[in-house]
Amino acid sequence: MGSFQTPIGMRSSNLLETSCGYLLQELQMIWNEVGQDHFEREKVLLDLEQECLEVYRKKVDAANTSRARLHQELAEAEAEFTHLLLSLGERSLPGRPEKMAGTLKEQLDSITPALREMRLRKEERVNQFRTVQGQIQKISAEIAGQSESEYDDLSSDIMVNENDLSLKKLEEYQTELQRLRNEKNERLMRVEQYIDAVHKLSSILGTDSSMVITKVHPSLNDLCGITKNISNSILAKLNSTVESLDEEKQKRLDKLHHLGKALTNLWNLMDTPYKDRQSFSHVTGLLSLSSAEVSDPGSLTLNIIQQAEAEVKRLDHLKASKMKELFFKKQNELKEICNKSHMEIPLQSEIDNLINLINSGEIDHADLLMSMDQQISRAKEEASSRMTIMEKVEKWMLARDEERWLEEYSRDENRYSVSRGAHKNLRRAERARVLVNKIPALVDLLIANTKSWEDERKKTFLYDEVPLLAMLEEYNVLRQEKEEDKQRQREMKKVQSQVAVEQENLFITRPSSSARRTSTRSVNGGFSNAMPLNRRLSLGLQQLGPNSINSGTQGISFIKEGKKARGQKMFARPGLVSHLKDETASVVSTFSGPQSP
């Protein structure tokens, strides 16, 4: 054991002095004893020397090889360590000295733990990369629409680039993974939205949503229990399916709108009771709704459309039988509006022509009723525009009636007598005078309003087919002539009073019986002969009362003729001695009593 603790050089010299020297001495003794030749001895010693050199050379070569191997291992370890540092993106390993010292084995022993730790780190980092890349491949496969079997085939081929295992690269993969996860979640949300839309639209249209969804792709049906396909093609198919369902929804809604309007029109035309309309209230309730507002389940089913079509068809057949009745009803409504507003009523020949067209079927019922509704609407609009004027016309008519009554009342000689109802007539006469005094202003206002109406409408204002302005102007002419007649009668009454006074004075100065008889006879004869003309004139004025609107020209001509005849009788009176007496006799003959009560 002591020999192993001595240095190598001392161990070799001792070995020569002991073992080799002893053996050499023993060999010399053998040679001496044998008598070996000197040349042979030299040759043996030379061989021994060569053999010793060869053994030493082998040992040195083995030592050199071992040293080279240690250098190589150390270099490889350092290279691997450096590569791991670079691939992991780290500058150094904490705890490992930057500069190594000592023998090769000591250096190798110092780097081995660090290298082992770096290898563990690399393995852990590779697993992280493989996990992230595997998830990226899986989500990418799901986005691409690949099946699970196809994904399993791809997952076994995950290749990790071990030359770049840095945290930066790992973060890039993780960022890509997060982006793909967000895209996947977004696609899943879009798929769910499309599926919800399909469910809602199918519920509204009355179709099986599961069949529609399964037709797009079986994975979208939850009952299949497989991962939903979220590929671009599936999203495009879902979008196309929702759009087609929306189009179908809009198409059915438009059809129900058309049917609802048809039902409403037919109900209004035939005055269908509210109770009978209730069964299709769900159809008419859709008229005011847009496609986006319709969300009730089963509101646009084919069954509802078929029922509405059948009802419209039934009402169309019923409408044909009631068309004449509806037409006559609207005709009567139009006549009532025209009569109430004293407007012109359509000619009966036109009505008969429309009835013939209805019987022959050459006119569309809807167009006919629409035309009648338009005429009624225009008639109502014109009646509304005539309302203000018609109210004043009614006031004017009432005032004219009171005016005629006041004239008759003024001609009654017993109006002041004490009799039953006389005080009522007096009060009515007072009110009538107030109302009659307002007639000129009312007529002027009527003329102004009528002219304004005619200028605005570019047409003549007719009252019972007679121009209202002509009636008003005729009334003004008649009223002016009446006023002139009253003025002349008042003047003649004054002249008559003067003549009576003069005659009375004459009788007093010459009291002759023959003269008195002559005067009395002439005066009485004047009154008796004037009565027929007075009656004719009053009769003519009465006739001009209610009928003056329709025959105003005849009334004016009648009054003119009466005035002419009255003038001829006044100037044809004989028996008076002067022109003044002739006028007095004419006044007496035409006067029918006082003009004011």
Checklist line | FRET efficiency, 1/(1 + (r/R0)^6) with R0 56 Å, evaluated for T82 and D196 via beta carbons | finding: 0.45
Note to self: So if each residue of separation counts as 0.36 nm, and I subtract the Cα-Cα distance between Q36 and S147, what length gain in nm does that give?
What the structure shows: 30.4 nm
Check: Ordering M118, M397 from largest to smallest accessible area (1.4 angstrom probe), what's the sequence?
Finding: M397, M118
Next item on the list: When a/c is below 1.5 the answer is rounded, else prolate if a/b is larger than b/c, else oblate, so apply that to the stretch 157-246 with a ≥ b ≥ c taken from the square roots of the Cα gyration tensor eigenvalues.
Entry: prolate
Next item on the list: Estimate the FRET efficiency between L45 and R116 by the formula 1/(1 + (r/R0)^6), using the beta-carbon distance for r and 60 Å for R0, to the nearest 0.05.
Entry: 0.65
Note to self: Straight-line reach from K340: which lysines fall under 17 Å, measuring Cα to Cα and dropping same-chain residues less than 8 apart?
What the structure shows: K329, K330, K380, K392, K395
Check: In nm, to one decimal, how far is the D61 label point from the M397 one, both placed 7 Å along Cα→Cβ?
Finding: 15.2 nm
Item checked: Carbon plus sulfur fraction of accessible area for the stretch 157-246, probe 1.4 Å, in percent -> 51 percent
Notebook entry, point to check: Size of the dipole of the stretch 24-123 about the Cα centre, Lys and Arg at +1 and Asp and Glu at -1 on the beta carbon, nothing else charged, in debye to 20?
Noted result: 880 debye
Next item on the list: Give me the net charge of D254's neighbourhood, meaning all other residues with Cβ under 13 Å from the Cβ of D254; Lys, Arg count +1, Asp, Glu -1.
Entry: +2
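Rank by packing, highest mean first: peptides 271-279, 167-175, 136-144, with packing defined as the count of other Cβ atoms within 10 Å averaged across residues. Working shown, then result.
On the way: 271-279: 10.3, 167-175: 13.3, 136-144: 17.9.
The most tightly packed comes first, giving 136-144, 167-175, 271-279.
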Notebook entry, point to check: Can you list the lysines whose alpha carbon sits under 18 Å from that of K482, skipping same-chain ones fewer than 8 residues off?
Noted result: K438, K493, K560, K563, K564
Item checked: Inter-label distance for T301 and L445, nm, one decimal - labels placed 7 Å from Cα along Cα-to-Cβ -> 6.6 nm
Notebook entry, point to check: Quick one: putting +1 on the C-beta of Lys and Arg, -1 on the C-beta of Asp and Glu, what dipole do you get for the stretch 157-246 around its Cα centre, in Debye to the nearest 20?
Noted result: 180 debye
Next item on the list: Just add up the charged neighbours of S66: K/R +1, D/E -1, any other residue whose Cβ is under 13 Å from the Cβ of S66.
Entry: +3
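The values are calculated or read from the model by the stated rules, or taken from the named source; none is laboratory data. Remember, predicted model here, so these are calculated numbers, not experimental data. Cβ coordinates were reconstructed from backbone atoms using ideal geometry, including for glycine residues, and neighbour counts include every protein chain displayed. Heavy atoms of the whole protein, side chains included, go into the accessibility calculation; ligands, DNA and RNA do not. Shrake-Rupley method; radii C 1.70, N 1.55, O 1.52, S 1.80 Å.
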